[in-house]
Each structure stands twice: as C-alpha cells, then as structure tokens.
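The values are calculated or read from the model by the stated rules, or taken from the named source; none is laboratory data. Not measured: the values here are computed from a predicted model. Neighbour counts run over all protein chains shown; Cβ positions are idealised from the backbone, glycine included. Side chains included, ligands, DNA and RNA excluded: accessible areas come from the protein's heavy atoms. Shrake-Rupley method; radii C 1.70, N 1.55, O 1.52, S 1.80 Å.
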Amino acid sequence: MQAHPPSNRLLASLPDDVLERWSGRLEEIELPLGHVLYEPGTELSHVVFPLTSIVSLLYVMENGASAEIAVVGKDGLLGISLFMGGETTPSRAVVQSPGRAIRLPAADLKKEFERNGAVLHLFLRYTQALITQMAQTAVCNRHHSVRQQLCRWLLLSLDRLVGDDVQMTQELIGNMLGVRRAGVTKEAVFLQGEGAIRYSRGRITVLDRSILESLSCECYAVVKRETDRLLPQTARPAVANPRGTT
Amino acid sequence: MNLTENKLFAKLTPADQASLQKISARTELQARDVVGAPAMRDRHVYFLTSASVALLVRGPDKPGLAVGLVGPEGAVGAHFALGMEPGIFTWQVQTPGTAWCIEGPALERLTQRRPALMLTLSKYMWELAQEVAALAAFAQLNDVKPRLARWILSSYSRSRLKELTLTQLHLAEMLGVRRASITLAAVELKAQGLVEYRRGKLLVLDMPGLEAAAAASIR
C-alpha cells in the first residue's frame, strides 16, 4: 500500500481546473542544503512549492548583514514577489533543510494570476500568513529568551517538514535566531536533558514536541493558529504526476 | 484634505476613484486612537491623508512591538477589502490628522467587481509585507540608537509636519524597549546635534546625520 505522497498545502487547495491547466508544467525538483533559490537582484524564473524541504527567508540589509524573517515549507511558496511586487526582491531564500519541491515556470503562474481568481486570493492569504509570521518572529526576537526562540523555531520548522528531523548546525540556528552559537549550544543541551530533542552531528531530532510546546512562548501558537485559519488544510491528495517523478 | 492626497488612491483608475469616493467619509483621527484591533467588530479601511498609523503586535499586559508605520502612501485595513478577517495586529494612530474611512464590506464588494482595484490593493498588501520584513530584520540586527533614528525618520517621511509629538514613552512602546533605553539613545542623538526636544515635540535638526545614524550597523 503506497503512502500518501507528500503535498504542498497551497497547491492542494487550488481548484481542479487550475491544477489541470498546470499539469505537464509542474516539475518536481531536489533542493540541496544551502542552495540559494534567489537573492536580491535575482530575476525569478519559477515559483517553488516546497514538499519536504524548508527554506529560510533572509532579509539582506544594505551592508550585507542578514536576518531570518520567515521559514517556508509545505505550507507556502517562494517567488510570490514576481507577481505582487517587482521582478526582484530584497530577500534571500536559502534551503535550510534539504528535500523535494515542485516548481512552475513563472509564465504559467502569471496567466492564472491574471485571471484574478483562486490564485490571487491564495497569494493574498499567504501574504497575510507571512506578515503574521514575520511580525510575531520580530516580537519573539525582541522580548523572549533564547530558549523560547529556539522552541518556537523548532516547532515552526517541524510543522513544515515531514518527519521529526531538522538537519541544521548550531551555528546556522544561531544565525537564524540572531544569537551566538554558544547560546544555542547551551539551550540545545538543556532541551536534550529534558528529553525534548536529540542533538548529534548537525542533526536535531525532536523526540517530544509537547515539551517544546510547554517551554515555548505564545509566539508559536499565534503563528500556527493564524496560518491554519488563513490556509485551511484540505484532504485532497498531492498533485498527480508532476514531471520528474516516476 | 482630499482623497487624492493619498498616493494609493491616486494609483487607481478615474472610474475606481469615483466609486471609492462615493463610499468614503472624511474623518479626523486623534493621537492614540485605535482604528483596528484583533477583537474589534468594526471593519474599517482608512486611506490616510495626513494622519499616520502604527502597526503593532501587542500582547495582553505584555510589551509589544511596532512592525510598520502607514501614512499618506497607504491604507489601514486593506485586508478587509480583500476578504480577510482581523489578524493579530493593533492599528494605533501615531500622528493625528485626516483620513478617509470606508466600511470594509462595502469596499470588499467593490473590489469583487473591479479587478484593477483588487490588484492595486493586493500589491499594496505585498508592499506592506516588505516593510514589515525590513523593520523586523533591522530590529534583529541593530541596537536602540539606530532603531530610534530609523523610526524617527519613518515618522517624518509619513507626515508633512515639521515637528512631531513623539514622547519617549510612545517611542519605547513602538520599539519594544524600556523607556530608559529611549532616554539614553535620545541623549546620544541630541549630543550629536541630530534631534532636539522643544515643548514636548521632537525636532529633527540634521536629516542626513540622522540617516547616517540609522544606517545598519553590524553587531
């Protein structure tokens, strides 16, 4: 019995006729760790819907410094600025947890977007979800402890992944949270001691997410609640036969 | 002030402008008025003409943070026109002035019939998302002084006034810091000859200097 193929929440919520128009144009791709999908000044050629990978959105300042502002996984898409903004973007999108994704040429998405129908409305709701995530993350960075931020980050990443593994070095997590690596190590050791995670060789495995939830601030719950409200989960199975799969 | 003073409104087609004008009412917004909040029943959209409104995330009894500031370049509550519910944000007036108020549901009905209007408002929402992103990133990477300089600059760019009433208590709330942190940062900006307080109003003395102070610094 074949397990349900992984799906992207946004794609799964689009009407049948849209997906039919796109069949044959959707392509499944691998996203390797550290791959930069786009950065400031890049002209985007495709939109990407992650399936089992997580992508970090980093805002790049004029002096080159960057801060993580959101995580995108099977709940979202990359490349929305193609349609809602100019062709380029001030963000950098980096693959933080490797896996698979589906991509669609921008031209095909543009046609649907211009119909002012389901695709536009979906983009709007996703934009609102992204604004919520970025804003709540900013509050969390400002007011909450490293431990709470780490729990929030792990839980948000886990929701966007399939499985319980987050492949990530402590240094990278430190960069994402805007804290020094030593701070992350200390908290990772604590969480491991509590039985919440196992950390070894660059891989964090979540053993008991309820412990993370109990140690987290309200920021995780707020983002989750709003995302679920804006982008309801549908029971529909994955897009059938995107190119690149057997 | 006319609706045409609002730059977002000015982007619309003449026909869309006329339709919007018909359902708008001019209003005066007072400092600290809350014009949108998670629990609020009213769903109003405000096209700002001289007021400016801060976008806040506010916890119950907890310090929050401002993640945006809207002035005559934009609108408050555009998400209502696009069929969305209130989110996590509180919209609070920073600088009093005029605005044009529209019932959310009425504007939503209008956008459903007018694709160009829908698209313009959608793109504005994305612009707002970019501003939130920029402010969030800046807050993560910078200390109070550059953040304060940046907020002061934003406040001036969103207003026509030469002198703004920005109390230290208000600024502390916007930046999500203790009031003492604002006091210390303001003292430094004043010592550098960049700003001055006169009769409770903050005056910018050196705009380019303040821009340099607001330039991102690597921590």
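Quick one: pull the percent of accessible area on region A:103-159 belonging to carbon and sulfur, 1.4 Å probe, ligands and nucleic acids left out.
Accessible surface attributable to carbon and sulfur in region A:103-159 totals 46 percent.
Give the Rg (one decimal place) followed by the Dmax (whole number) of region A:96-138, computed from C-alpha coordinates and expressed in Å.
Computed over the Cα atoms of region A:96-138, radius of gyration and Dmax are 13.6, 35 Å.
So what are the three principal axis dimensions of region A:1-128 from its Cα atoms, in whole Å, longest to shortest?
47, 38, 24
Percentage of Cα-Cα pair distances in region B:101-216 greater than 24 Å, rounded to whole percent?
39 percent
What is the calculated FRET efficiency for residue A:20 to residue B:127, with r their C-beta to C-beta distance and R₀ = 41 Å, to the nearest 0.05?
So the FRET efficiency works out to roughly 0.80.
Using 0.36 nm times the number of residues separating residue A:200 and residue A:221, minus their current alpha carbon distance, what extension gain do you get?
Value of the extension gain: 4.8 nm.
Taking all protein chains in place and a 1.4 Å probe, what share, in percent, of the accessible surface of region B:1-107 do carbon and sulfur account for?
53 percent
Taking loop as defined by DSSP and a crowding limit of 16 other beta carbons within 10 Å, which trypsin sites (Lys or Arg not before Pro) in region A:135-234 fit?
A:180, A:201
Give the residues of region B:89-123 whose amide nitrogen is closer than 11 Å to a point set 7 Å from the Cα of residue B:1 in the direction of its Cβ.
B:95-100, by backbone N distance to the label point.
Looking at region A:137-159, which residues lose a minimum of 10 Å² of accessible area between their chain alone and all protein chains in place, measuring with a 1.4 Å probe and not counting ligands or nucleic acids?
A:138, A:139, A:141, A:142, A:143
In units of 2.2 N^0.38 Å, what is the alpha-carbon radius of gyration of the protein assembly as shown? Mind showing how you got there, number by number?
Working: Rg = 22.6 Å, N = 465, 2.2 N^0.38 = 22.7 Å.
Taking N as the residue count of the protein assembly as shown, the ratio is 0.99.
If I model a spin label at residue A:165 and residue B:187 as a point 7 Å from the Cα along the Cα→Cβ vector, what separation in nanometres do I get?
The two pseudo-label positions are separated by 5.4 nm.
Please state the charge dipole magnitude for chain A, taken about the Cα centre, from unit charges on C-beta atoms (+1 on K and R, -1 on D and E), reported in debye and rounded to the nearest 20.
320 debye
At 24 Å minimum axial length over the Cα atoms and a Kyte-Doolittle cut of -0.5, report the qualifying DSSP H helices in chain B, or say none.
Helix filter hits for chain B: B:115-141.
Translational diffusion coefficient of region B:18-106 at 4 °C, 1.567 mPa s, Stokes-Einstein with Kirkwood Rh over Cα pairs, in µm²/s as a whole number.
Using the Kirkwood radius from Cα pairs, D works out to 99 µm²/s.
Using only helices, what value at 222 nm comes out for chain B when you add -39,500 (n - 2.57) per DSSP H run of length 4 or more and divide by the total residues, to the nearest 500 deg cm²/dmol?
Counting only the DSSP helices, I get -13500 deg cm²/dmol.
Report the far tail of the P(r) of region A:110-246, meaning the percent of Cα-Cα pairs longer than 17 Å. Walk me through the numbers before you get to the answer.
Working: 6132 of 9316 pairs.
Beyond 17 Å sits 66 percent of the P(r) for region A:110-246.
Beyond 17 Å, what share of the Cα-Cα pairs of region B:104-160 is found? Please give it as a whole percent.
Across region B:104-160, Cα pairs with separations above 17 Å total 57 percent.
Any chance you could run the full-extension gain for residue B:161 through residue B:22? It's 0.36 nm times the residue separation minus the Cα-Cα distance, nm to one decimal.
Details: separation 139, 0.36 × 139 = 50.04 nm, distance 2.87 nm.
Stretched fully, the residue B:161-residue B:22 segment lengthens by 47.2 nm.
Using only the Cα atoms of chain B, what do you get for the radius of gyration and for Dmax, in Å?
Rg, Dmax (Cα atoms, Å): 17.8, 56.
Taking the Cβ-Cβ separation of residue B:169 and residue A:27 as r and a Förster radius of 56 Å, what is the calculated FRET efficiency to the nearest 0.05?
Efficiency for this residue pair is about 0.55.
Under 14 Å between alpha carbons, and skipping anything fewer than 8 positions from residue B:123 in its own chain: which aspartates and glutamates qualify?
List returned: A:87, A:114, B:73, B:131.
Residue by residue through region A:219-230, which ³J(HN,Hα) values in whole Hz follow from phi under the Karplus form 6.51 cos²θ - 1.76 cosθ + 1.60 (θ = phi - 60°), with glycine and proline marked x?
After applying 6.51 cos²θ - 1.76 cosθ + 1.60, I find 4, 4, 4, 4, 5, 5, 4, 5, 4, 5, 5, 7 Hz.
Once you keep just the Cα pairs under 8 angstrom separated by 6 or more residues, what percentage relative contact order results for region A:95-201?
Values: 46 pairs, mean separation 23.0, N = 107.
Normalised by residue count, the contact order of region A:95-201 is 21 percent.
If you count only protein heavy atoms with a 1.4 Å probe, what accessible area per residue comes out for the protein assembly as shown, rounded to a whole Å²?
Values: 19980 Å² over 465 residues.
Value returned for the protein assembly as shown: 43 Å² of accessible area per residue.
In Å, what Kirkwood hydrodynamic radius results for chain A from the alpha-carbon pair distances?
18.6 Å
With each run of n ≥ 4 DSSP H residues scored as -39500 (n - 2.57), what mean residue ellipticity at 222 nm is computed for chain A after dividing by its residue count and rounding to the nearest 500 deg cm²/dmol?
-12500 deg cm²/dmol
Accessible area lost on pairing A with B, both sides, 1.4 Å probe, Å² to nearest 100?
3300 Å²
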